[in-house]
Amino acid sequence: MTALLQVEGLRVEIPTPMGRLHAVRGVDLALGAGETLCLVGESGCGKSLTALALMGLLPRAARRSATRFAFAGEDLQRAGERRMADLRGNRLAMIFQEPMTSLNPSWSIGNQLEEGWLRHRGGHRAAARERALHLLERVGITGAAQRLGQYPHELSGGLRQRVMIAMALMCAPALMIADEPTTALDVTVQAQILHLLKELQREFGMGLILITHDLGIVARVADRVAVMYAGEIVEQGPVAQLFARPAHPYTRGLLACIPVPGRLAPGERLGTIPGVVSPPIGTLTGCQFRNRCAEAEDQCATRAFELRGLGGSHRLRCRLGNAI
Amino acid sequence: MLQYALKRAVLALLVALTVSLICFLLVNLSTDVATAMAGEGATAETIDAIRHQYGLDRPLAVQYFEWLGHAARGDFGDSLYFHTPVAALVAERMPTTMVLGAAALGFALLLSIPLGVIAALKPNSWIDRLALTIAVVGQAMPTFWFALLLMYLFGVTLHLLPISGGDTWQHFILPSVALGYYATPAIMRLTRSGMLEVLESDYIRTARAKGLRNTSVLFKHALRNAVAPVVALAAVQLGFLLGGSVVIETVFALNGLGYLAWEAIGHNDFPVVQAVVLLISLVYIVLTLLADLANAWLDPRIRIA
């Protein structure tokens, strides 16, 4: 499989009054066409900033750097804002966590769907409208023609997220990044949206990067998983392998937090990971998870850990691993 | 939208009626009209005669409805000082004030909206600080004093512009700038804060995620949402400007409504004062109504209310 996206050494740094925040620290990602990669981690682990960095949508103060950033055979390492804007909404698309606020309240759904197409493909509005209508129907919105004239406040959250998906699909992107697309939605709607995303991915042959903190979602949709902690990938691998043999104490902790009906005795407590993520500010040494890790040793505070292979494409950033 | 417009219009009509009542009572309760009309040193018989002649001895309610009935037909009685129909006086002076108000608002918007947008795009830059300075100075400086400074600089020292009268369009430049500058700070600060807030919003990120050009993100997606409160404010400001024109018209000797009001107050010319106050209030109400409708057009969410 030829790689659609190849990123190595991706870093995002943000200056703060307390010092430099190393929000993303040397992240490597590779994704093939039609493949689904799940980025997993707690709030503030850098997964959303990783996605924004890939899109070129970082906040103004943030600085992005990478030793390699190739998309569909094109080197984007030094691509300017103009080139990134040409790709965004065209070859690269993104949907966000908050469908309620991600649509502009002042413009009709139709107008907001059409403008991306008009920007990248040009031509007449009629063609854009036809495409918008087709996609609204495709994402399962009934009465699509009538919806085009409606405004965001007239639609429910689930409908708005469907509109966002249709909007991202307008120019048939090669890569779609979905940042917690179902977090703000009802559980029943969540399942529908995920199912739809997978279906559309197959239909369009898109690469999909799905960002989530919900391992239940990961198990259902991912081909591969990358677990992030404090701006780094601490473990990654094929979903089956990672779920069957989680190697990093953090990954194991996350898996222990999922309630599994039948496996958990009534009244038994769910697993928790004690402590909170310490913000990666200033000079960082050793493993950032060590303060919350039951298996931490002295060397964890001083040694620099690299991602190393555990067989296949399963990789781990921890002193453990061989023991398992 | 039509239903919303009708609701607003009915509301505006009710406000107008209330204002007319206040306008009538202000003059009739603040002084004894007959005594003031008779002038100083008038005998009690003379005052009584005047009171009877003008029907001022009747109940206030009767007087109000009679006045309102006439006013609705454009009849505000005769001026006590000019001895001509008030309506004709007002009609003659109205255009000057309207031109001044519109030009002042135009100047204020042209200065404040671009400055506010640029200040929001580059917060804490030199242009943001310049905009802040302009706002602080504009808020702190009395209008008449700024008017005098302008007259001194552009009229007396540089001989570029006329400083008195209203014969040509050049005569309106300095008064419009002096009056408009007064409205600039509030509009600019509101534009800036609105833009700052909107630029941080999720839908701006969505617009950028579509790869839209900066101009499109800025004007189509950001400004339209940021400017809605500015529209309402601008309408209110224009009302203030019409009120403020009393000072400016007097300073620049422009023969408008403001100047007429000033003359009328000086001469106890009650019918004229009443007419001018009522008229400016009505203009204010109409402006507010128009602002509400403009906002409903800008923001579809308002149309449901």
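Tabulated results
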| quantity | calculated |
| --- | --- |
| Matching option when the condition is free of Cβ contacts under 8 Å to residues at least 24 places away in the same chain and assigned to a helix (DSSP H, G or I), among B:Ala222, B:Ala207 | B:Ala207 |
| Which listed residue, of A:Leu284, A:Leu270, A:Leu254, is touching a residue at least 12 places away in the same chain (Cβ under 8 Å), not acidic (Asp, Glu) and not in a loop (DSSP other than H, G, I, E, B) | A:Leu254 |
| Tabulated pairs, region A:121-146, first more than 24 Å from A:Asp86 (Cβ to Cβ), second of a type in the set (D, E, K, R) and surrounded by 13 or more Cβ atoms within 10 Å (Cβ to Cβ), C-beta under 7 angstrom, 6+ apart or interchain | A:Leu136/A:Arg147; A:Val139/A:Arg162; A:Gly140/A:Arg162; A:Ile141/A:Arg147; A:Ile141/A:Arg162; A:Ala144/A:Glu137 |
| Residue that is on the phi < 0 side of the Ramachandran plot, within 14 Å of another protein chain (Cβ to nearest Cβ) and at pLDDT 85 or above, where the choices are B:Ala222, B:Ala305 | B:Ala222 |
| A:Asp75, sole failed condition from (1) more than 7 Å from chain B (Cβ to nearest Cβ); (2) of a type outside the set (Gly, Ala, Ser); (3) within 22 Å of B:Ala226 (Cβ to Cβ) | (3) |
| Qualifying residue in region B:224-239 (condition: of a type in the set (D, E, K, R) and within 17 Å of B:Asp299 (Cβ to Cβ)) | yes |
| Some residue of region A:39-59 being more than 9 Å from every other protein chain (Cβ to nearest Cβ) and over 29 Å from A:Val221 (Cβ atoms) | no |
| Complete set of residues in region B:1-26 that are farther than 30 Å from B:Arg303 by Cβ and surrounded by fewer than 17 Cβ atoms within 10 Å (Cβ to Cβ) | B:Leu21, B:Ile22, B:Leu25, B:Leu26 |
| Qualifying residue in region B:139-154 (condition: surrounded by 12 or more Cβ atoms within 10 Å (Cβ to Cβ), of a type in the set (Phe, Trp, Tyr) and out of contact with any helix residue (DSSP H, G or I) (no Cβ under 9 Å at 6 or more places or on another chain)) | yes |
| Selected residue (criterion: farthest from the other protein chains (Cβ to nearest Cβ)) from residues of region B:183-206 that are in contact with a Gly (Cβ under 6 Å, 6 or more places away or on another chain) and crowded, with 24+ Cβ neighbours inside 10 Å | B:Thr184 |
| Complete set of residues in region B:10-51 that are assigned to a helix (DSSP H, G or I) and among the charged types (D, E, K, R) | B:Glu45, B:Asp48, B:Arg51 |
| So A:Leu264, is it assigned by TED's automatic domain parsing to the domain that holds A:Val227 and either modelled with pLDDT of 75 or more or in a helix (DSSP H, G or I) (or both) | no |
| Output for region A:287-324, where each listed residue is surrounded by 16 or more Cβ atoms within 10 Å (Cβ to Cβ), hydrophobic (A, V, I, L, M, F, W, C) and assigned to a helix (DSSP H, G or I) | A:Cys300 |
| Test set (1) under 25 Å from B:Ala291 (Cβ atoms); (2) more than 10 Å from every other protein chain (Cβ to nearest Cβ); (3) over 12 Å from the mean Cα position of the chain (by Cα) - B:Thr250 fails condition number | (1) |
| Complete set of residues in region A:92-103 that are more than 8 Å from chain B (Cβ to nearest Cβ) and either without any contact (Cβ under 8 Å) to a residue 24 or more places away in the chain or part of a strand (DSSP E or B) (or both) | A:Leu92, A:Ile95 |
| Unmet criterion (only one of (1) at pLDDT below 85; (2) within 14 Å of another protein chain (Cβ to nearest Cβ)) for B:Ser216 | (1) |
| Residue match in region B:53-76 (condition: at negative phi, out of contact with any Asp or Glu (no Cβ under 8 Å at 6 or more places or on another chain) and β-branched (Val, Ile, Thr)) | yes |
| Meets criteria (surrounded by fewer than 18 Cβ atoms within 10 Å (Cβ to Cβ) and closer than 21 Å to B:Ala261 by Cα) for B:Ala88 | yes |
| B:Gly244 vs. criteria more than 14 Å from chain A (Cβ to nearest Cβ) and either closer than 14 Å to B:Val117 by Cβ or surrounded by fewer than 24 Cβ atoms within 10 Å (Cβ to Cβ) (or both) | yes |
| Near pairs, Cβ below 6 angstrom, 6+ apart or cross-chain, from region A:69-91 (in a strand (DSSP E or B)) to any residue that is among the polar types (S, T, N, Q) | A:Phe69/A:Gln77; A:Ala70/A:Gln6 |
| Some residue of region A:115-129 being more than 10 Å from every other protein chain (Cβ to nearest Cβ) and buried (at least 22 other Cβ atoms within 10 Å of the Cβ) | yes |
| Region B:248-269: number of residues that are in contact with a Gly (Cβ under 9 Å, 6 or more places away or on another chain) and surrounded by 19 or more Cβ atoms within 10 Å (Cβ to Cβ) | 6 |
| A:Arg82 vs. criteria facing chain B (nearest Cβ under 10 Å) and either crowded, with 21+ Cβ neighbours inside 10 Å or modelled with pLDDT of 90 or more (or both) | yes |
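Residue by residue, here is whether (1) among the acidic types (Asp, Glu); (2) surrounded by fewer than 18 Cβ atoms within 10 Å (Cβ to Cβ) holds:
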residue: A:Glu8; (1), (2): yes, yes
residue: A:Arg20; (1), (2): no, yes
residue: A:Ala33; (1), (2): no, yes
residue: A:Leu39; (1), (2): no, no
residue: A:Ser48; (1), (2): no, no
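The rows are residues; the columns are (1) touching a residue at least 12 places away in the same chain (Cβ under 8 Å); (2) under 28 Å from the mean Cα position of the chain (by Cα).
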residue	(1), (2)
B:Lys7	no, yes
B:Ala36	yes, no
B:Ala49	no, no
B:Tyr64	yes, yes
B:His70	no, yes
B:Gly77	yes, yes
B:Leu80	yes, yes
B:Val86	yes, yes
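Yes/no per residue for (1) within 30 Å of B:Ile302 (Cα to Cα); (2) surrounded by 22 or more Cβ atoms within 10 Å (Cβ to Cβ):
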{"residue": "A:Leu133", "(1), (2)": "yes, no"}
{"residue": "A:Glu137", "(1), (2)": "yes, no"}
{"residue": "A:Gln161", "(1), (2)": "yes, yes"}
{"residue": "A:Ile177", "(1), (2)": "no, yes"}
{"residue": "A:Thr183", "(1), (2)": "yes, no"}
{"residue": "A:Val189", "(1), (2)": "yes, no"}
{"residue": "A:Arg202", "(1), (2)": "no, no"}
{"residue": "A:Met206", "(1), (2)": "no, yes"}
{"residue": "A:Ala226", "(1), (2)": "no, yes"}
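The values are calculated or read from the model by the stated rules, or taken from the named source; none is laboratory data. Source: prediction; values computed, not measured. Virtual Cβ from ideal backbone geometry, glycine too; neighbours counted across all protein chains shown.
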